Amino acid sequence: MRRIELLLEFVLFQSRWLLAPFYIGLVISLLLLFVHFFIELVSFVGHIHVASESDVILGVLGLVDLVLVGNLIVIVIFSGYENFVSRFEEVGHDRPDWMTKVDYAGLKQKLISSIVAISAIQLLKAFMNIASYDEKKLFWLAVIHVVFLGSMLVAAISDRLTDKLKPAEEKPVSRRAAKS
């Protein structure tokens, strides 16, 4: 019976590698996002001489929106892989500082924050181009943004409450406490 248990645990533990193709898929989607960003940039630059101030702002917001989505994909790839599959080897990597500091709760906060930022940009783009939107669509864009903000607030409160319930040895050391 113990052998079956060990085999089952081995299979379950190794099953985390089934996530690796998902991260490869996200790398491919990041490449596709780059292609789309480049096409948008070329189009934006090509029309800059006839663009109004509002068009320039909308164009820049569109590019910022794509960058935020790209950042979100990178955060999910790196943090997800390190949290759920395996650690990246240190050799030869120019490792961003946040990679070793983002746990699942931090990943969740970064994801929600990115989604709220993307939603805010979409809402701002709609308001900058208000003539192209009817009241109903603007209303729903605003409602969706408020729902995202509410979700971020609930997640932050939840994390704060959960953190307070953790035993002292599980809590991260604050900078003030480390300096003492």
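Given +1 at the Cβ of Lys and Arg, -1 at the Cβ of Asp and Glu and no other charges, the dipole of the chain around its Cα centre is 700 debye to the nearest 20. Specify the inter-centroid distance of the stretch 122-168 and the stretch 19-97, based on alpha-carbon positions, in whole Å. Here the answer is 21 Å between Cα centres. Taking 0.36 nm per residue of separation and subtracting the Cα-Cα distance, full extension of the segment from ASP55 to VAL11 would add 10.3 nm. Here the stretch 36-81 is treated as a Stokes sphere of Kirkwood radius computed over C-alpha pairs; at 37 °C and 0.692 mPa s its diffusion coefficient rounds to 280 µm²/s.
Remark: the chain projects, on average over all directions, an area of 17.2 nm² (convex hull of Cα atoms).
Projecting label points 7 angstrom from Cα along Cα→Cβ for ILE157 and LEU19 puts them 2.9 nm apart. Segment SER29..LEU149, full-extension length gain: 40.6 nm, with 0.36 nm per residue of separation and the alpha-carbon distance subtracted. Each peptide in 54-61, 39-46 receives the mean, over its residues, of other Cβ atoms within 10 Å, and ordering these scores from highest gives 54-61, 39-46.
The numbers here are math on the coordinates, done by the rules we state, and not lab data. Values in this document were obtained by computation on a predicted structure and should not be read as measured data. Glycine also receives a Cβ, built like all others from the backbone with ideal geometry; neighbour counts cover every protein chain displayed.
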